[in-house]
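Following: one structure in structure tokens, then a few remarks.
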Amino acid sequence: MCMDLASSYASFSKESSKLLIPIAGEAISAGFPSPAEDYLELGIDLNQHLIKNPISTFFLRVSGNSMNNAGIYDKDLLIIDRSINPTPGNIVVAVLDGEFTLKRLIQDHDNYYLKADKENYPAINLYQYSDIQIWGVAIYSIHELKRINKSL
């Protein structure tokens, strides 16, 4: 897998136009209903809220289901930050002998592993590979909410 990140950075500038998406002034209740407010704030710039280090941040599309229990699903769009120092518990993009994978970084005593967040997937012992790179840390997953057909 080869990515040309340099060309994508060339189009980034601090003066680039911002797309402000309207945001409701109140948080929405996911429990019992609450009174609605009849106004919207001017808007938010999602880049400002989701991307802390633009020069080291990129998007990746997920392929597979091994991270479903972490809330990451097939075809999700991930925001990856390469400037974050990965620590155990982070979900990371790793390159193992030239192959990309997305797993949770786990430490058990002095050994490090990559583990899927789904049952029946074995842990990957990093010491079994000759070329290991932790390429970035996943910070957000964007996915479409699925509609289910259920009647009361």
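In this structure, does Thr87 turn out to be of a type outside the set (A, V, I, L, M), part of a strand (DSSP E or B) and in contact with a strand residue (DSSP E or B) (Cβ under 9 Å, 6 or more places away or on another chain)?
Details: of a type outside the set (A, V, I, L, M): yes; part of a strand (DSSP E or B): no; in contact with a strand residue (DSSP E or B) (Cβ under 9 Å, 6 or more places away or on another chain): yes.
Taking the combined requirement at face value, the residue does not satisfy it.
Please find, within segment 107-150, the residue that is farthest from Gln48 (Cα to Cα) out of those that are loosely packed, with under 11 Cβ neighbours inside 10 Å and among the hydrophobic types (A, V, I, L, M, F, W, C).
Out of the qualifying residues, it is Ile148.
Would you mention how many residues in segment 90-104 are out of contact with any helix residue (DSSP H, G or I) (no Cβ under 9 Å at 6 or more places or on another chain) and assigned to a strand (DSSP E or B)?
Residues that pass the stated criteria total 8.
Can you name every residue in segment 117-143 that is modelled with pLDDT of 90 or more, assigned to a loop (DSSP other than H, G, I, E, B) and not aromatic (Phe, Trp, Tyr)?
Asp117, Pro122, Ala123, Ser130, Asp131, His143
The values are calculated or read from the model by the stated rules, or taken from the named source; none is laboratory data. Since this is a predicted model, take the numbers as computed values, not measurements. Cβ: placed from backbone, ideal geometry, glycine included. Neighbour counts: every protein chain shown.
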